[in-house]
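The values are calculated or read from the model by the stated rules, or taken from the named source; none is laboratory data. Values in this document were obtained by computation on a predicted structure and should not be read as measured data. Reconstructed Cβ throughout: ideal geometry from the backbone, glycine too, with neighbour counts over all protein chains shown. Surface areas here come from the heavy atoms of the whole protein model, side chains and all, with no ligands, DNA or RNA. Shrake-Rupley method; radii C 1.70, N 1.55, O 1.52, S 1.80 Å.
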Amino acid sequence: MSTPTDAFNASPPWPPRPSQAPVPQPPVPQAPVQQLPMFHQPHQQPQPQPSQPPGGAVIEPAGRAAWRATAGIAAGPALLALLLCCYGIGQRQLWRDEHATWWAANLTWGQLGDLISHMDLVLAPYYVLMHGWTAVFGNSEAALRMPSALATTAAAAGVALLGRRLLSPRLGVLAGLLFALCPGITWYGEEARPYAFAVLAAVISTLVLTRIVQRPLLAGAGAGAGGAAGVAGVAAAGGGAAAGAARRGGLRLPGWSGPTVLTWSGYALSVVAMGLTHLVTLTILPGHLLLVLSTARKERSGWAWTLPRRWAIATAGATVLLSPVVVLGARQSGQISWNTKSWHDLGELPLKLAGSEPLGWSMLVLGLLGLLGLLALRQPIGLLACWVVFPVVVTVLTASWLHLFLDRYLLFTVPGWALLVAAAVGRLPGLVAPLTASRTPPRWLVGPLPLAAAFVAAAVVAWPAQATTRDDLTWEQDTRGAAKVISAGMHPGDGMIFEPGTSTRRAIAYELRGKPAPDDTLLERTPQQAQSFGAIECYQPATCMAGVQRIWLLLGSNDGRPYGGVNDKVAKELKQFHTVSTTRLPNLRVILLERTPAKPKPKG
């Protein structure tokens, strides 16, 4: 009598495939045939039936039950991610990179084109998205961050669905919940930057590919002149037009077998989406290749290498579409030369990715155990191993000249770690079974209780860091507080001077948007005119400061210099002023200066 040895086989991983039979009109659902996850069952070549629907496609009824099952798996992780990301989403004040997003999103289309021609070309798709978003929903902190929150929500659902395919439905739900629980994921889900979209693109692309490779080719002697019969590829959950085309027979080339051209085009577009969200995300592609090769090795017909060839064609097409971004973006690589992290900083990566040191190291250890567990079961591990390891290795080895080794650039590896941790939890019954007298794991260990316990343990470990994700960054200037001080004490005609080399000008512009603000005293050319994020200040401060009676001086440095890091010419002019008040804020001093009246010359 067979007994379960692990939780992988708890339930079927995806809607069962119907038997291949002519489909009457209207289509009637066929009797399903249960299948196990891809990691559990060797690939078996299905045999074509004598008769097929027109076009050689097997129509695969989705059915309300299948969609309800899919929604049930994705709903929990998605809801948790949405709640965590939306709670206090506007509480933390924007930091300098988010101010850059706001600035770019509020430029005209022409000004945005000028900006990306000089910098941030690789972020152009995100800036275009935010330009349209802010035009509709405004530019408050919550509005700017909501797209990232929605992307994180969708990514959590995608992780759960991917886990259902690679592991089992229950373990998929666990992986999605663990992903959503990570404080690091919550942080970037509440940040107006594109990193949450990079995670989403990586998950969707991998999910689309797993659906493709789990739709085996139908080839054999019974195939007619039109080529071997094919299985219509269905896009990822909610896959839209591609899914609909697949169910109607899809678009096929002469002699084409297997997933439709539209399905492969959808995969190619998902790879393009990865590159457009962040180029580092493309380092997941070797994992995709290993998944394709491991599937192709199980083919026992002349079609064995058809899947790798089609993957290569789709990937090559995506690469061609991305080549302008890669080539032109390489010319702006000097923008990130400030990033000098190297392999010496590897020890901080688990903390930075998970957002919690105990959670990060726990996920690292359990994830490695999950890899070993899959390896012991002789399951393909190339996809998940490459997902979590290869991007880190590549960015570390090229850190000295590409400067891409940065935790937020590698955020898209977190779903891989969540899936591996779920795999480790799923191996628990198999590890316990040999220790029992009956060589079978206890019934409670095979059920959902271990998964619930793993989720609760992760929540307890992650909670302290989750509680701080809405706090201001400790190294950022409190420009929100500075704006309140200025608004409370401003007089008409006041001027404002910023310390050079900081983003304070842009931050104050955001905090005082729509409100009266002092004049930018030293402004010579606006950032729009300079086609940059920074303004150009006048070369003759005496001329620019003439006639200004009161000046708000904002200094980020705290090294004892009365005028901070302003240049000597500006400091000379400021000596004609005396200090009225000084307000000290986190990493920022707001000094109100008033011009000292000139002493009257003595008579005679």
Rounded to whole Å, sorted largest first: equivalent-ellipsoid semi-axes of region 66-207, Cα gyration tensor: 31, 16, 12
With 0.36 nm assigned to each residue of separation and the Cα-Cα distance removed, Ser117 to Ala467 gains 122.0 nm
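Specify, per residue and in Å³, the volume enclosed by the convex hull of the alpha carbon atoms belonging to region 306-358.
Taking only Cα atoms, region 306-358 has a hull volume of 156 Å³ per residue.
So, with a 1.4 angstrom probe, what is the percent of accessible area on region 513-576 that is carbon and sulfur? Can you show the working numbers first?
Details: 1720 of 3580 Å².
Summing carbon and sulfur atoms, their accessible area is 48 percent of the total for region 513-576.
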Could you sort 448-456, 365-373, 416-424 so that the peptide with the highest average Cβ count within 10 Å comes first and the rest follow in order? 416-424, 365-373, 448-456
Just the projected area, averaged over all directions, of the convex hull on the alpha carbon atoms of region 79-137: how many nm²? 4.9
Hull volume per residue for region 154-211, using the convex hull of the C-alpha atoms, in Å³ is 59
Normalising by the residue count of region 469-604, find the relative contact order in percent from Cα pairs under 8 Å and 6+ residues apart. 27
Cα-based Rg then Dmax for region 261-376, in Å, read 18.6, 53
What's the FRET efficiency of Lys572 with Val327 using the Cβ-Cβ distance as r and R₀ = 41 Å, to the nearest 0.05? 0.30
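Given 0.36 nm per residue, what is the gain on full extension from His491 to Lys515 after removing their alpha carbon distance, in nm?
Numbers: separation 24, 0.36 × 24 = 8.64 nm, distance 1.31 nm.
Length gained between His491 and Lys515: 7.3 nm.
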Any of Lys569/Lys599; Lys298/Lys352; Lys515/Lys569 with alpha carbons more than 32 Å apart? Name them for me. Lys298/Lys352
For Val485 the rounded accessible area (nearest 10 Å², probe 1.4 Å, non-protein molecules ignored) is 40
I need the calculated FRET efficiency for the pair Ala75 and Ala142, taking r as the beta carbon distance and R₀ as 22 Å, to the nearest 0.05. 0.40
What distance in nm separates the two pseudo spin-label positions at Ser342 and Leu372, each 7 Å out from Cα along the beta-carbon direction? 3.2
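So how do His131, His491, His288 rank on accessible area, 1.4 Å probe, biggest first, that is with the largest at the start?
Values: His131 30, His491 95, His288 0 Å².
Result of the area sort, largest leading: His491, His131, His288.
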Taking all protein chains in place and a 1.4 Å probe, what share, in percent, of the accessible surface of region 106-223 do carbon and sulfur account for? 68
Roughly how much of Ser581 is accessible, in Å² to the nearest 10, using a 1.4 Å probe? 40
Solvent-accessible surface ranking, highest first, for Phe137, Phe390, Phe533 at 1.4 angstrom: Phe137, Phe390, Phe533
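How would Glu537, Glu524 line up by accessible area, probe 1.4 Å, largest first?
The ordering from most to least exposed comes out as Glu524, Glu537.
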Over the alpha carbons of region 442-507, what is the largest minus smallest coordinate on each principal axis, giving the biggest first in Å? 78, 26, 14
